[in-house]
Amino acid sequence: MTHAFTEEQEVPRMTPAVQWLIALNVLVFFLQFTLVGTANMREALGFRLDEMPAQWWTIGTHLFVHGGFWTLVLNTCLLLVFGPRLEHTWGTRAFRNFYLWCGLGGWLVHALFVRDATLLGATAAVLGVTLAYSLRWPNEEVYLFFTFPIHVKWLAATMVAITLVVGVMQVGDGSGVAYLTHAGGLLAAWIFWRTSTIGAGFDRLRQRVSPVPDLPDEAPRAVPRSMPRTRERAREIDEIVAQSQQAVSQRVAPTAPPPLRAPRERLTELDRVLDKISQLGIDSLTGEERRILEERSRELRKND
């Protein structure tokens, strides 16, 4: 068991997507061992390749069926520890899509390399959430079994190593098939993190927006002292000024184009949008803020 420690007191202990995912897992497990029965639930919601495409819905429903009590407990604990902060940062929609994406990654590996076993459980998706948390906050501490402090990056590295080693060692006798599915969820999480704008892509965008250096103020220039004008020179200058004013009054002034926003102002707006995403998630952006983000992204791509 683990417990996350963070100084961000505003992060809620429970968020909407995490709450719904845990509730669905617990509800299906309750029905599985009371009213429906394990065999019937496996047949109705578990994924088997030889039953495609007749039972196409099992591609998603297998995420909510667990083969044992302790598997459900482990997945629930990991989701409770690492899910809320990630959902609070990304937004509910992005977190939900990420969870399903990791689950589909595990399903794809199962369909390609296992093929002849029933796929159950959400461990692939939950391990993907754990990996994303470790990539976002690698030096955060969690308390293993509520006692031993450990950095998230080392906890995630241990889980990845166990998944890969056990899966490779036991794949020959069929007992390592679940670990290969877990590896698919981890791989999907890594791909999402590297390519999505809310993962490492978001961090790269922030790094590329370099602050505009403050330009030093120009040193005051000395104004040359004007020499006293003679009467003839003054009359000549007055005539030139009068002619200039008459020419300007007769000429129609062209319509000035609308002023463009200075680069400093645009970067300030982008920084404000990125800060809002970090604090409230991408779902909190208004239409105007999304337009600013898209325009700046296009500009950066053109400069590549």
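The values are calculated or read from the model by the stated rules, or taken from the named source; none is laboratory data. Only a predicted model underlies this, so the values are computations on that prediction, with no experimental measurement involved. The area values use the complete protein model at the heavy-atom level, side chains included, leaving out ligands, DNA and RNA. Shrake-Rupley method; radii C 1.70, N 1.55, O 1.52, S 1.80 Å.
How much of the accessible area of the stretch 88-143, in percent, comes from carbon and sulfur atoms when a 1.4 Å probe is used?
57 percent
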Extension reserve of the ARG13-LEU100 stretch, reckoned as 0.36 nm per residue once the Cα distance is removed: 29.2 nm
Whole-percent pair-distance distribution, where bins are 5 Å wide, for the alpha carbons of the stretch 63-147: 3, 13, 23, 24, 18, 12, 6, 2, 0
From the C-alpha gyration tensor of the stretch 1-110, square roots of 5λ in Å: 28, 17, 11
Extension gain, PHE148 back to ALA117 (0.36 nm per residue minus Cα-Cα distance, nm): 7.5 nm
